[in-house]
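As structure tokens, the structure follows; a few thoughts come after it.
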Amino acid sequence: MTGLLLDAPVVDGIPFARAGRHDLREEVAGLVAAGETDRARVLLLADADDWWTEPPPPAEQLGRVPAARTLREAMDLLGMGRVADYFAHRWSDPTHLAGLALLQAHWPGRRPVVDVACGVGAHLRELSRRGVGDLLGIDVVWAKLWLARRFVCPSARYVCADLTAAPDLAVGSPAYVMCHDAFYFLRDKPAAAAAMHALAGDGGTVVVGHAHVVDPHGEPLTPEGYAQVLGTGLLYDDDELTRSLLEGRPPRPAEPADLHTSEAVALVAGDPRGPAPADLGEPLPPLVPNPLYRDDVLTWPNERYAAEYGPRSSYLPQRWPDPLPADAARRRLLVDLPEAW
């Protein structure tokens, strides 16, 4: 890790240390020094990742984001489009359940946790609600971290930085370093894996969830490729992880050669840790009806979401059942949305 976090400008408690944004960082630092925090925030909210192709909303619209009362309202003002649908309905999608299954089987315990490419902090929120206290989320998109801190998991700390060029993040060792549904997007995977192992330290744990084997929207590897890059032979099929959480059983590992037909795989390197002390398949109250149901019909937010998650969401019936089954919470008919969802 390079650089000093103290050199990064801080707005709303989130340091901006993203690599490749020297001019933006200098401009933000100047505005912060001049007391122009609102203008600095607008600049940071407009910054996106390199995969995003849409232009940022007007500055006047971004200036209204802090007044948003809900996560969805804020994401709408940020112009997040299909990504907003992904984050808004994260709590019941099969990818999120697979991530919970990984945590169920390989729990961090009292170790510090670093969530790489944490997005709006859905997994950090789960860890926080289950009693894990030392939480750090890093992402290259400052706006996502702002949403996480404001609406999803305010108990974690956040740093906007690139994994392979991050400043000293002041993480204790050994640590539990995870990256869910993002590793396949990272272009220099060997460097990313090395950085995650360095953060974890001697005796630490590195967990990669939902790494696509075939996907036109990233740069995926074969199962053997992921295993080699991360230095591990402990792999899971992503669908197996989702099923295991729904069925309340431990997931079954698989050999890389048996995972070539998988949509995505998960890997655990280093100390595998033990299982969670509680059942993450049962969401914590208060629970509310899954908002994917409109007029008692399962309604996907957009066609892309339906194509990606619909075929793997058979645990959600097409119509709202009456009466509710005993396993309604496990099947995510009932969900634990953030208070200001």
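The values are calculated or read from the model by the stated rules, or taken from the named source; none is laboratory data. Note that this is a predicted model, so its numbers are computed, not measured. Cβ coordinates were reconstructed from backbone atoms using ideal geometry, including for glycine residues, and neighbour counts include every protein chain displayed. The area values use the complete protein model at the heavy-atom level, side chains included, leaving out ligands, DNA and RNA. Shrake-Rupley method; radii C 1.70, N 1.55, O 1.52, S 1.80 Å.
Things to note:
- First in region 290-317 and farther than 22 Å from HIS212 by Cβ, second anywhere and of a type in the set (A, V, I, L, M, F, W, C) and open to solvent by 50 Å² or more (accessible area, probe 1.4 Å), Cβ under 6 Å, 6 or more apart: TYR293/TRP320; ASP296/TRP320
- The condition (being aliphatic (A, V, I, L, M), part of a loop (DSSP other than H, G, I, E, B) and open to solvent by 60 Å² or more (accessible area, probe 1.4 Å)) is satisfied by just one residue among LEU316, LEU324, LEU280: LEU324.
- Residue that is nearest to the chain's Cα centre (by Cα) [pool: residues in region 194-230 that are surrounded by fewer than 20 Cβ atoms within 10 Å (Cβ to Cβ) and under 21 Å from ALA165 (Cα atoms)]: GLY218
- Here PRO108 meets each of (1) without any contact (Cβ under 8 Å) to a residue 60 or more places away in the chain; (2) touching a Lys or Arg at 6+ places or on another chain (Cβ under 9 Å) with one exception, condition (1).
- Residue list for region 133-155, restricted to those being assigned to a loop (DSSP other than H, G, I, E, B) and either touching a residue at least 60 places away in the same chain (Cβ under 8 Å) or open to solvent by 10 Å² or more (accessible area, probe 1.4 Å) (or both): GLY133, ASP134, VAL140, VAL141, PRO154, SER155
- Per the listing ASP237, ASP181, ASP188, the residue uniquely of a type outside the set (A, V, I, L, M), without any contact (Cβ under 8 Å) to a residue 60 or more places away in the chain and buried (at least 23 other Cβ atoms within 10 Å of the Cβ) is ASP237.
- Residue tally, condition open to solvent by 30 Å² or more (accessible area, probe 1.4 Å) and either in a helix (DSSP H, G or I) or in contact (Cβ under 8 Å) with a residue 24 or more places away in the chain (or both), over region 25-40: 10
- Scope region 56-76; condition in a loop (DSSP other than H, G, I, E, B) and in contact with a Gly (Cβ under 8 Å, 6 or more places away or on another chain); matching residues: PRO56, PRO57
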